[in-house]
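The values are calculated or read from the model by the stated rules, or taken from the named source; none is laboratory data. This one's a predicted model, so the numbers in the text were calculated from it and none came from an experiment. Cβ atoms come from the backbone with ideal geometry, glycine included; neighbour counts cover every protein chain shown. Accessible surface is based on the protein model in full, side chains and every heavy atom, while ligands, DNA and RNA are left aside. Shrake-Rupley method; radii C 1.70, N 1.55, O 1.52, S 1.80 Å.
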Amino acid sequence: RMPHRIDNELALGYLSGLIKRHAFSAVFKPTIHHVGDKQHLIQCLSRLGIDLFGNFWKDSLMRLEMERVQKNSKWCQHMDLLNIDLNLSEYYDKGDPKQPDSLHRYQRRLLKPLLEKSAFDLDTALEYGNDYLIPEEEVVGLWVQLFLLTPHTTEKQTHKKHRAHSSNAAGPIGHSCKGHMAPYSRLTHT
C-alpha cells in the first residue's frame, strides 16, 4: 500500500527521537534494502530522509544524498511508466565527481528514449535535463532533431487527410468548387 501523510509524520517523529547514526544504520539502510526496486517506496523514504537530515539534524551532505535518491527514484518511475528499460545499478551510480564527464552519463543516454516515448514532451525533457545537469541547449537541440526527423502524425495532418477524403467524396462538385476558391483558402484546404 502507499504510505499516507500520517505514516510519514509518525516515522519522522519516531526517527527524530533516535540518534542520527542509529537511525541511519538501524532504520534507513535495512529499509532501503527491503523495498528493493519499488521506486514509489524509495521516493517516500528519501523524502523522509530529506526532512530528517536537512531540517532536523542539519546534515547537508546526507540531505543532498537523499535528494539524489529521491530524484533518481522519481525518474525511474517515469521511465517505467514509459516502458523504457533501465539498468538500475548504472542509473543509481554516482559517477566520479573528479571527472565531470562521468556524471550523469547514463542519464544523458536515456534522454533520447525519454523524448521518443513521451511523445516529444519538451517540458518533461527539460525537467529531466535540469535534474541531471544536462544543458538546456542540448535538450532542446535533441528535441528539435528528433521531432523533425521522426515520422509522426499530428492532429493537423490527420484533420487535413480527413478533409481531403471528404472533398473527394463530394465528387465533381467538390472538385469544381476548389477552382473558385481564393488562393489563401486553397492553401488551407489542400
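In table form, for the structure just shown:
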read-out	value
Filter pass, L64 being at pLDDT 85 or above and closer than 25 Å to D7 by Cα	yes
Close pairs (7 angstrom Cβ cut-off, 6 or more residues apart or separate chains): farther than 21 Å from L126 by Cα in segment 78-105, at pLDDT 70 or above and of a type in the set (K, R) anywhere	G95/R105
Test result for V69, open to solvent by less than 40 Å² (accessible area, probe 1.4 Å) and within 19 Å of the chain's Cα centre (by Cα)	yes
Every pair of residues 6+ apart whose Cβ atoms lie under 8 Å, when the first sits in segment 8-20 and is at negative phi while the second is among the small types (G, A, S) and open to solvent by 40 Å² or more (accessible area, probe 1.4 Å)	L18/A26
Residue in segment 140-148 that is open to solvent by 50 Å² or more (accessible area, probe 1.4 Å), modelled with pLDDT of 85 or more and over 30 Å from S73 (Cα atoms) present	yes
Unique residue being modelled with pLDDT under 80 and not in a helix (DSSP H, G or I) when the list is K29, K98	K98
